Amino acid sequence: MQPATMKFCEENLNSWISQPANAFSNIVYVLVGLFLLIYYRKNKNNVMQILPIMAILVGITSFLYHASFSFFFQVFDLASMFLLSSFLVVFNLKRLGVVKNFFVSFYLVLLVQIVLLLIIREKSGEFIFGILVVFSIILEIILAFRSKNIIYRDYLFAILTFAVAWSIWLLDINRIVCDPANHIINGHALWHIINSFSILFLYRFYRQFKV
């Protein structure tokens, strides 16, 4: 339960919830996940259920991380994020025909990311996550040239939403736009809120494929 290795703008309070804004903003992830599970409950593609479950797990683990500001829950928070990066990469590799079994490859990529995080620590989790997200985009570009029947509207919305959220994340962690005493809304809280909708758009995009 040693302190987390990453500190965002919001100052820690001496209470059960160390960072109220950063913690409670994760509720949106849970709501998005529940919406996807309920609204698309007739979707028979088991692979796609990873995304709404991932959204719920990100919301729960990120809440615990910011509430406790401990490295223990920071690992779980990043592991939940690694679910997304693993999904994006392995799903696209499966579409390219590089991997045969989605779930085996998915768990392997997820495990490698977690092990790297525990070995390197510090701020490595964000870099590992970012590298795999960029790699997944490169794979998607390759797939776009291979097929003319893919509808990319929701994917572009997801990328745009993520880019806006990530920009706000950078402004917050680098203290460029920062009010440490604001425990209602801040840059990192906005990252949670805006980024949760990128998962919604990703689900809408990927459900057109069968793996």
Check: Give me the pairs: first residue in the stretch 144-172 and in contact (Cβ under 8 Å) with a residue 24 or more places away in the chain and within 16 Å of PHE209 (Cα to Cα), second residue in a helix (DSSP H, G or I) and among the charged types (D, E, K, R), beta-carbon distance under 8 Å, and six or more apart or on different chains, which are they?
Finding: ASP154/ARG204; TYR155/GLU140
Next item on the list: Consider LEU132 carefully, then state whether it is closer than 25 Å to PHE72 by Cα, touching a residue at least 40 places away in the same chain (Cβ under 8 Å), touching a Gly at 6+ places or on another chain (Cβ under 6 Å) and surrounded by 13 or more Cβ atoms within 10 Å (Cβ to Cβ).
Entry: no
Next item on the list: Output the helices (runs of 4 or more DSSP H) that fall wholly within the stretch 1-91 and possess 2 or more residues being under 16 Å from the mean Cα position of the chain (by Cα) and on the phi > 0 side of the Ramachandran plot, or say none.
Entry: none
Margin query: Which count do you get for residues in the stretch 76-108 that are buried (at least 18 other Cβ atoms within 10 Å of the Cβ), under 12 Å from SER136 (Cα atoms) and not hydroxyl-bearing (Ser, Thr, Tyr)?
Written below: 10
Notebook entry, point to check: Does PRO20 count as touching a residue at least 40 places away in the same chain (Cβ under 8 Å), within 19 Å of PHE102 (Cβ to Cβ), in contact with a Leu (Cβ under 8 Å, 6 or more places away or on another chain) and not hydrophobic (A, V, I, L, M, F, W, C)?
Noted result: no
Check: Got at least one residue in the stretch 24-33 being buried (at least 18 other Cβ atoms within 10 Å of the Cβ) and touching a Pro at 6+ places or on another chain (Cβ under 7 Å)?
Finding: yes
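No value in this document is a laboratory result; all are computed from the given coordinates. Everything quoted here is computed from the prediction, not taken from an experiment. Here the Cβ is made from the backbone with ideal geometry for all residues, glycine too, and neighbour counts use every protein chain on show.
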